[in-house]
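Read the figures in this text as sums done on the coordinates, not as results from a lab. Since this is a predicted model, take the numbers as computed values, not measurements. Neighbour counts run over all protein chains shown; Cβ positions are idealised from the backbone, glycine included.
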Number of protein chains: 2
Amino acid sequence: MPTPLLIHEIDATRQWVRERQRAGETVGVVPTMGALHAGHLSLAEAATKGCDRVIATVFVNPTQFAPSEDFERYPRDLEADAKKLGDVGVDAVFAPSVEAMYPPGATTSIDVGSVARPFEGAIRPTHFAGVATVVAKLLLIAPADRAYFGQKDYQQTVVVRRMVADLNLPIEVVVCPTVREADGIAMSSRNAYLSADERQRALCLSQGLREAERLHAAGERDASKLREAARRAIASTEGVELQYVAVLRDGTMDEVETVDAPAVIAVAARVGQTRLIDNVRLA
Amino acid sequence: MPTPLLIHEIDATRQWVRERQRAGETVGVVPTMGALHAGHLSLAEAATKGCDRVIATVFVNPTQFAPSEDFERYPRDLEADAKKLGDVGVDAVFAPSVEAMYPPGATTSIDVGSVARPFEGAIRPTHFAGVATVVAKLLLIAPADRAYFGQKDYQQTVVVRRMVADLNLPIEVVVCPTVREADGIAMSSRNAYLSADERQRALCLSQGLREAERLHAAGERDASKLREAARRAIASTEGVELQYVAVLRDGTMDEVETVDAPAVIAVAARVGQTRLIDNVRLA
């Protein structure tokens, strides 16, 4: 596969997207922070299947990290990322500098409101304002027809959908299934932080979710029982600190007590110094 | 002049703008809250001169009014507004319902940051979040090439320019001069609230600004002297309560002590129950 066109400038990116659209082609955009794994590449593949042209963005966005978090050490390898994207048929990669995205004097921030408050928002209070603002910027810089996000960051998909609807951004949000390793762990760039021992312990997240999924498939509709199944698997694993387990109405951040409609069970935990999140749909 | 096309739906508005652009025409958008006076119409005229096609928006935006303010009694007359817009050559008018702009569940808000905090932002703490959010929505619903705003709402122009730059909204912001009555008072839909007596007293705002302008033209560069000239004219008028007078670096909300570059002197006052604002450029 050819190497994708690498673009660093905002105007050139918008022009690339618009020229494709003027030629009658549909364009998909895949926002990423780089450090690409098979999960990201599945988004890119979905985009190449669903659109005539695909642009990925690679930008480690400082405003969605708290000062105590891993912005500095977040893995970066643009050359390797561009090659992977080219291999799955991505046409262009927008990789701006922090200065281009946040020039001196930039002060605007998007608050998506109630869906950004609980769970990840409670633990990372500035995170979703950073996410919403950078995603709005990226979707305006690369004004594609469809934007692709992963189910693994479930609350992010709820926040992005809410923002896109509320601001009348003219783009379709597509959410793609979580990609897992053979043993069940959800793909995440942050898995690279785990020691071999932590990697083993981290299995309890997907195992707990799978247990809840099994109970649901067997007819259990009491959310407290489903939460308890996931909680037990995670909390019983040494070196893993459960942060939350929640059963939510699918597409929302509303907790449900009875699963009488499609739902999502979501968990977050600390494994050593690394925060991991995961979720499965109950439908 | 023909009556402009009246559009109530969001999708039809975007389609109208995009079809003009696909035909190779430039489009201007003039966001208004209706109750149109010669100031608004001067924006529409500038748009018809600067663009091939013009769409105005007429929407009294509830989120930029505080509960104590005049949302309910704000003047509304869409038929008269559409006729006036048609008479100056506006092609289309987008006049949505509140429900179309803010469907149930809408929670997203845009905070433009420091330029939205002082002066109007200090007196009306929720105002500019409402303005920024609705302007972003309107510019995404009517994705024109240029958007026209009046200098009379100076801080609003600073907030809108900041937001457009920070979110990478692909539109040029054009700011047009304040239009005044023969006696100097700045045109404002809220002038309609003034009694004959209040209307006379309200003259002190533009008179105070004119006095500062005269001093500046005569070489005065000390901002405190310019502020004092405006303050004296306003504070000495019975029934008028001065809220602020500020000398700002042009294009910013930064107060200056010495006017050694283009600046703006801005005032706000209460005349009876009516808040009025005005400003002049010192350049």
Check your understanding: Within the protein assembly as shown, what is the number of lysine pairs with alpha carbons under 26 Å apart, leaving out pairs fewer than eight places apart on the same chain?
Key -> 21
Practice item. Could you tell me which GluC sites (Glu not before Pro) in the stretch A:218-283 are loop residues by DSSP with no more than 11 other beta carbons within 10 angstrom of their beta carbon? Key: A:Glu238, A:Glu257
Review point. Mind checking the angle between helix B:38-50 and chain B's longest principal axis? C-alpha axes, 0 to 90 degrees, to the nearest 10.
Key: 60 degrees
Exercise for review: Pick out which of A:Ala261, A:Ala269, A:Ala92 has the largest mean-square fluctuation in a Gaussian network model of chain A, springs linking Cα atoms closer than 10 Å.
Suggested key: A:Ala261
Practice item. Take the alpha carbon atoms of the stretch A:40-65, find their center, do the same for the stretch B:64-136, and report the distance between the two centers in whole angstrom. Key: 34 Å
Study note, to complete from the structure: Along the stretch A:266-283, Karplus-curve 3J(HN,Hα) (6.51, -1.76, 1.60; θ = phi - 60°) to the nearest Hz, with x for Gly and Pro, reads 10, 9, 9, 8, 9, 10, x, 8, 9, 8, 10, 10, 7, 7, 9, 7, 10, 8
Exercise for review: For the protein assembly as shown, count all C-alpha to C-alpha pairs, find those more than 33 Å apart, and express that count as a whole percent of the total.
Suggested key: 51 percent
Practice item. Mind pulling the angle between the C-alpha long axis of helix A:78-87 and the longest principal axis of chain A? Nearest 10 degrees, somewhere in 0 to 90. Key: 90 degrees
Check your understanding: Counting only residues 5 or more places away or on other chains, whose amide H sits under 5 Å from the amide H of A:Glu69 once H atoms are built in the peptide plane?
Key -> none
Exercise for review: Provide the per-residue ³J(HN,Hα) series for the stretch B:103-112, in order, calculated from phi with Karplus coefficients 6.51, -1.76, 1.60 and θ = phi - 60°, each as a whole number of Hz, with x at glycine and proline positions.
Suggested key: x, x, x, 5, 9, 7, 9, 9, 9, 7
Exercise for review: Once you have a ≥ b ≥ c as the square roots of the Cα gyration tensor eigenvalues for chain A, tell me rounded if a/c is under 1.5, and otherwise prolate or oblate according to whether a/b is larger than b/c.
Suggested key: prolate
Check your understanding: Helix B:127-141: angle to the longest alpha-carbon principal axis of chain B, degrees 0 to 90, nearest 10?
Key -> 30 degrees
Review point. What value, in deg cm²/dmol to 500, does the helix sum -39500 (n - 2.57) over DSSP H runs of n ≥ 4 give at 222 nm once divided by the residues of chain B?
Key: -11000 deg cm²/dmol
Exercise for review: Using amide H atoms built 1.01 Å from N in the peptide plane, name the residues 5+ places from B:Gln151, or on other chains, whose amide H lies under 5 Å from its own.
Suggested key: B:Cys176, B:Thr178
**Study point:** Note, ³J(HN,Hα) from phi for the stretch A:241-247, Karplus 6.51, -1.76, 1.60, rounded to Hz, x at Gly and Pro
**Key:** 10, 5, 9, 7, 9, 9, 10
Study note, to complete from the structure: Highest GNM mean-square fluctuation among A:Leu226, A:Leu209, A:Leu169, for chain A with Cα springs under 10 Å, belongs to A:Leu169
Check your understanding: Using the C-alpha gyration tensor of the stretch A:189-278, what are the square roots of 5 times its eigenvalues, in whole angstrom, with the largest one first?
Key -> 25, 13, 10
